[in-house]
Amino acid sequence: MSNVEPFLPRGMLHEGWSSEVDDYAIVCGWAMGGKIFVVGDAAGGLYAFDYLKGNTIWKNDNVHKGGLLAISINLDGDIISTGGQDGCVRFWRSEDGKEIKKIEIGKGWVEHLKHSPDGKYLSVALSKNAYVLNSEGQEIWRSENHPSTISAIAWATNNELATACYGQVAFYQINKNKINQKLEWQGSLISMVISPNGDIVACGSQDNSVHFWRRSTGHDAEMTGYPCKPSNISFDHTGTLLATGGSERVTVWSFEGNGPEGTIPGELGHHTQPVTSLSFSNKGMLVASGSRDGSVVVSFLEKNGNGNPVGAAFSGNSVSAIAWRPDDCAIAAVNSEGGINLWNFKVRTELSSKGFA
């Protein structure tokens, strides 16, 4: 249970609406240009909520036998892809929840899904293999067996897919069916993000560290000292700042100039328990962090990684995912008890440059 007393939204976060799903809400995202908020729960439920009022537009039960694990929404926002413990990927129409197609990938769990930046391809990770499907759901590419289970996937460009597993990050040129680059490091990589320009790749590690490489030079470095595993990491839209979890604080590394080597990171100490979710706004230097204590805090960051809180709210329980609306005028969070909260995000005149009172 949370050790934070419930409180009303503060600062730039304003009352919106609350709802709930039947089980642990594990994934979420925006569809139809921000008109619909989509949530998946651990029991296999898939839900769509109206952005303005919060009412349920449609609901599908048991979309994956054994449970739902991942969702990805295409660039146009009209198709939702889901993966689960049954080894399948299913495609749903955002508007009404009607199933479009079901693809059996293989035996095992589909734990990761990610659309390419242009929305033409969907990458899928199942056990030791990565797959790429086209917009028709047809398999157009498959990786070789990885040394271990794939722990993360990310697109570097529209045609270049990166995978992370124990000991390596590999970059595949999908349209030419070749490996562009392998970055090796002896450790278990549990999370991965790539900077918007595709040059910097950062991974959280099982040994409580964050490892990063500059692809253009091959140089790598490690940030250590985290008390917990940094499974939550996020780049801002410019690639200047890397926010990382791994404790009750958000640690922010700046890649400006020759950073982050030889620099002191910024730290945001707004939570009482470990950070469980991180999400940068689509534009600007705003990062939202959710915690096991149920709190959600939005902070405005400077280019050196330091920052101040500009909004906060209480979600009720441990925050499992956060998603900014495409226009950044609202933010939604889902939690471990199936709770859903949406807060409107706008400036209050009484805010000062040092944060909210």
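The values are calculated or read from the model by the stated rules, or taken from the named source; none is laboratory data. The model shown is predicted, which means the values in this text are computed figures rather than measured ones. Positions of Cβ are generated from backbone atoms using ideal geometry, with glycine treated the same way; all protein chains shown enter the neighbour counts.
Computed values, structure above
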read-out	value
Yes/no for N306 being farther than 22 Å from C228 by Cα, touching a Gly at 6+ places or on another chain (Cβ under 6 Å), surrounded by fewer than 18 Cβ atoms within 10 Å (Cβ to Cβ) and not hydrophobic (A, V, I, L, M, F, W, C)	no
Pairs with Cβ under 9 Å, 6+ apart, first in region 240-269 and farther than 15 Å from L286 by Cβ and without any contact (Cβ under 8 Å) to a residue 60 or more places away in the chain, second part of a loop (DSSP other than H, G, I, E, B) and among the basic types (K, R)	G245/K229; G246/K229; E248/R292; S254/K303; E256/K303; E267/R249; G269/R249
Candidates G97, G83 - the one that is within 15 Å of Y47 (Cα to Cα), assigned to a loop (DSSP other than H, G, I, E, B), out of contact with any helix residue (DSSP H, G or I) (no Cβ under 8 Å at 6 or more places or on another chain) and of a type in the set (G, A, S)	G97
Among (1) crowded, with 16+ Cβ neighbours inside 10 Å; (2) in contact (Cβ under 8 Å) with a residue 40 or more places away in the chain; (3) over 22 Å from D327 (Cα atoms), the one test that V63 misses	(2)
Residue identified as within 17 Å of A125 (Cα to Cα) and in contact (Cβ under 8 Å) with a residue 24 or more places away in the chain among G87, G97, G77	G87
Selection status of S247, of a type outside the set (A, V, I, L, M, F, W, C), assigned to a strand (DSSP E or B) and surrounded by 16 or more Cβ atoms within 10 Å (Cβ to Cβ)	no
Which numbered condition D86 fails, given (1) buried (at least 16 other Cβ atoms within 10 Å of the Cβ); (2) closer than 15 Å to L133 by Cβ	(2)
Hits in region 163-179 (condition: in a strand (DSSP E or B) and either among the aromatic types (F, W, Y) or touching a Lys or Arg at 6+ places or on another chain (Cβ under 9 Å) (or both))	C165, Q168, V169, A170, F171, Y172
From N159, N129, N180, residue being at pLDDT 95 or above, of a type outside the set (K, R) and in contact with a helix residue (DSSP H, G or I) (Cβ under 7 Å, 6 or more places away or on another chain)	N159
Per-region count, region 69-117, residues of a type in the set (D, E, K, R) and within 18 Å of the chain's Cα centre (by Cα)	2
Matching residues in region 128-141 - criterion: being surrounded by 13 or more Cβ atoms within 10 Å (Cβ to Cβ) and at negative phi	K128, N129, A130, Y131, V132, L133, S135, I140, W141
Test: residue in region 161-168 that is over 30 Å from N282 (Cβ atoms), in contact with a Ser or Thr (Cβ under 8 Å, 6 or more places away or on another chain), surrounded by fewer than 21 Cβ atoms within 10 Å (Cβ to Cβ) and without any contact (Cβ under 8 Å) to a residue 60 or more places away in the chain	yes
Those residues of region 302-340 which are in contact with a Pro (Cβ under 8 Å, 6 or more places away or on another chain) and in a loop (DSSP other than H, G, I, E, B), in sequence order	G305, G316
Qualifying residue in region 40-52 (condition: under 21 Å from F314 (Cβ atoms) and not in a loop (DSSP other than H, G, I, E, B))	yes
